[in-house]
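None of the figures in this text is laboratory data; all of them are computed from the coordinates on show. From a predicted model like this one, the values you see are computed outputs, not experimental measurements. With ideal geometry, Cβ positions are generated from the backbone for all residues, glycine too; neighbour counts draw on all protein chains shown.
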C-alpha cells in the first residue's frame with residue numbers, strides 16, 4: 001500500500017494540483033511548500049505535455065509556458081528527488097500516456113518509485129487499456145489511479161472494483177477549468193463507488209471556491225483543485241506562493257470537521 005491513504009486519514013482531504021515548471025521550478029517548489037503549509041493533504045504534480053487533451057485553457061497555458069521554459073521529465077524527476085527531502089505528504093504525477101511511453105514505461109515508473117512518487121494519473125488512458133502500465137506500476141508500488149466521469153455509466157462499478165490509491169471522480173463533462181456552478185448529480189456515482197470499493201474517492205474538475213469544496217466533500221472523501229491554483233501562478237508568477245498558501249488554507253478550513 002502506498003502513502004496515499006494517509007491523505008484521507010484525518011477527515012476530508014484537500015488535493016492541490018500544480019504544473020511543474022510554470023513559470024519555473026523554483027517557483028513550483030515554493031508553491032508546493034505553500035500548499036503544504038496551507039493544509040494540502042496530497043499534491044498532484046503535472047508533467048507538461050504539448051497536447052493535454054483533458055485540460056482547459058488555464059492548465060493548457062501552464063503546460064505551454066513550462067515547455068517553452070525548457071522543462072523536461074528528467075528535470076522534474078530531479079526536482080521531486082530534492083523536494084522529497086522536505087515534503088512528506090503523498091505526491092502523485094498527473095500526465096499523459098505518451099509522456100510515459102516516450103520515456104519508457106519501466107524506466108519512468110521505476111524512477112517514480114525511486115524518488116518517492118506515490119501514484120500516477122493518466123487521464124487519456126482508457127480503463128480497458130490500463131494493462132499497458134498496471135503490471136509495471138504494481139511491480140514498483142506506484143498506484144495507477146483511475147478516473148470515473150459522468151459518462152462512465154455502467155462502467156463505474158467495474159472501475160471502482162479495480163481502483164488503487166484513490167478514485168478520481170470527474171465532476172463535469174468537458175475539460176478542467178473553473179466553473180461557476182457544478183450541477184452534475186454525482187450521488188449515484190458515489191453510491192456505486194461505495195458499494196464496490198473501500199478506497200477513498202475525491203472529486204475534481206471545476207472546483208474553485210470554499211462553497212463548492214464543501215458541497216462536493218459532503219458526499220466524497222476529498223476535493224481536487226487545479227485551475228484555480230494554476231491561475232494564481234499565471235497571474236502572480238514568482239509572487240504566487242503566498243497567495244497559494246492563503247487560498248489553500250481557505251479551502252482546507254471549510255473541510256475541517258466535516
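Values computed for the structure shown
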quantity	calculated
For the stretch 198-216 versus the stretch 234-258, the gap between their alpha-carbon centres in whole angstrom	15 Å
Isotropic mean projected area of the C-alpha convex hull, the stretch 1-125 (nm²)	7.5 nm²
Pair-distance profile P(r), taking every C-alpha pair of the stretch 18-75, with 5 angstrom steps and integer %	4, 20, 28, 23, 16, 7, 1
Share of Cα-Cα pairs in the stretch 52-118 lying beyond 18 Å, as whole percent	44 percent
Separation of alpha-carbon centers, the stretch 44-99 and the stretch 10-40, rounded to whole Å	12 Å
For peptides 39-48, 74-83, sequence by mean Cβ density within 10 Å, most packed first	39-48, 74-83
Sequence-separation-based contact order of the stretch 3-255, relative, with Cα cut under 8 Å and 6+ spacing, percent	26 percent
Potential lengthening between residue 74 and residue 50 on full extension [0.36 nm per residue; Cα-Cα distance subtracted]	7.0 nm
Kirkwood Rh, angstrom, the chain [1 / mean 1/r, Cα pairs]	18.0 Å
Sequence of 100, 36 once ranked by neighbouring C-beta atoms within 10 Å, starting from the fewest	36, 100
The stretch 13-87, relative contact order in percent, only Cα pairs under 8 angstrom and at least six apart counted	38 percent
